[in-house]
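Read the structure below first, then the notes.
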Amino acid sequence: MLNTASAQVPEPIRVVVAGPNGRMGRAMMEGLPQQSGLHVVGGLSRKDDDEAIAAVLAAADVIVDFTHPATSPALLERALDAGVRPVIGTSGLAEEVLELVDGKAREQGIGAVWAPHFRLAAVLMIRFAGIAARYLDHVEIIEAHHSTKADAPSGVARTMARMMRDVRGSDFVDPTVEKETLDGVRGGVHGGVRVHSIRVPDIVGWHEVMFSGDQEQLTIRHHETGRESYVPAVAAAVQKTMAPGVIGLVRGYDAVIGLAD
Ligand SMILES: NC(=O)C1=CN([C@@H]2O[C@H](COP(=O)(O)OP(=O)(O)OC[C@H]3O[C@@H](n4cnc5c(N)ncnc54)[C@H](O)[C@@H]3O)[C@@H](O)[C@H]2O)C=CC1
Ligand SMILES: O=C(O)C1=N[C@H](C(=O)O)C[C@H](O)C1
């Protein structure tokens, strides 16, 4: 006979979603309640006053943040001070903000997750780009997103440009154009990596990393068509922040799922 008396049902993780009316926030509010082991206690909107923020944070273990690079840092700091673990998707955050999150999470003895992209194929694109960066001298990134995206370039493009420059240990070759007849036509540049941002309606997310070697080209492309499938990945990140021994900031969805090298 099954002994149910000693079986312990773990308490669900209490989650608050920041920016519940945004594109990602809506997907989280709809999808996270269906994820096993999670209980969504509510949303935290921009218009919420101090009292409302304090109340919702007091009722949460984890805050899922898909908001705006200008407002996210203060919210994250407040959540960490309240002992609430952040899962951060907001792009365009400065490295100092991530370091502050890491420091505060360590002070509190809790976990946190930041990922430039919560998708498996996107993480693979970033990994593959890191490999190619060791061997090929020229690279440009083209990213396309919906026209209401707040930041440019995308967080993923920025992350990849920095990572590829670091992996290579020197700047990529950035050919000089003799005469540019339109300002900005060569895009932004980091470490010799040119980055071009396209903004048009209806594109969820698109990244291309175009390498060039000697008489050959390599293109790695990631394209996403919806937001619903972020939900299980974000749920995994929520679980990760609560996992025993996880203290401080875990960086990247690959680290969340333990993607092998
Ligand atoms: N890491 C990843 O995999 C992904 C990251 N993102 C990033 O997530 C962020 C949000 O993207 P979307 O949902 O498309 O933007 P959105 O503009 O549709 O939604 C953002 C929402 O956050 C709210 N908001 C802003 N500041 C707030 C605050 N302090 N407290 C509560 N709510 C606040 C806004 O009112 C808005 O409703 C962007 O930075 C985007 O780049 C988006 C998709 C995937
Ligand atoms: O704003 C978005 O939508 C996305 N932003 C992320 C980024 O800035 O890299 C990731 C994804 O491409 C969707």
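Every number here is computed from the coordinates shown, using simple stated rules; none is lab data. The structure presented is a predicted model; accordingly, all values stated were derived computationally and were not measured. All Cβ positions, even for glycine, are placed from backbone atoms using ideal geometry, and neighbour counts span all protein chains on display.
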Which residue fluctuates most in the GNM of the chain (Cα springs below 10 Å): MET160, MET210, MET24?
MET210
Mean-square fluctuation check for the chain, GNM, Cα pairs under 10 Å: which of GLY37, GLY111, GLY169 is largest?
GLY169
Give me, ordered by chain and number, the residues 5 or more places off VAL193 or on other chains with an amide H under 5 Å from its own placed amide H.
PHE172
According to the square roots a ≥ b ≥ c of the eigenvalues of the Cα gyration tensor, what is the shape class of region 120-224, taking rounded for a/c under 1.5, prolate for a/b larger than b/c otherwise, and oblate for the remainder?
oblate
Under 28 Å between alpha carbons: how many lysine pairs meet that in the chain, if sequence neighbours fewer than 8 apart on the same chain are excluded?
4
Pull up all non-local amide H partners of LEU38: gap of 5 or more, or a different chain, and H-to-H distance under 5 Å with H placed in the peptide plane.
ILE13
Whole-number percent relative contact order across the chain, with pairs defined as alpha carbons under 8 Å at least 6 apart:
22 percent
Output for region 107-185: chymotrypsin sites (Phe, Trp or Tyr not before Pro) sitting in coil per DSSP, at most 12 other Cβ within 10 Å, listed by number, reads TYR135
Other-chain or far-sequence residues with amide H under 5 Å of GLY111's (modelled H)
GLY248
Just report the Cα centroid separation between region 141-215 and region 50-68, whole Å.
34 Å
Residue with peak Gaussian network fluctuation, the chain [Cα springs, cutoff 10 Å], from ARG127, ARG186, ARG119
ARG186
Can you run phi through the Karplus equation (6.51, -1.76, 1.60; θ = phi - 60°) for region 197-207 and list ³J(HN,Hα) in whole Hz, with x for Gly and Pro?
10, 9, 10, 9, x, 6, 8, 5, x, 8, 10
Hey, got a sec? Which GluC sites (Glu not before Pro) in region 186-261 land in a DSSP loop and have at most 16 other Cβ atoms within 10 Å?
GLU216, GLU228
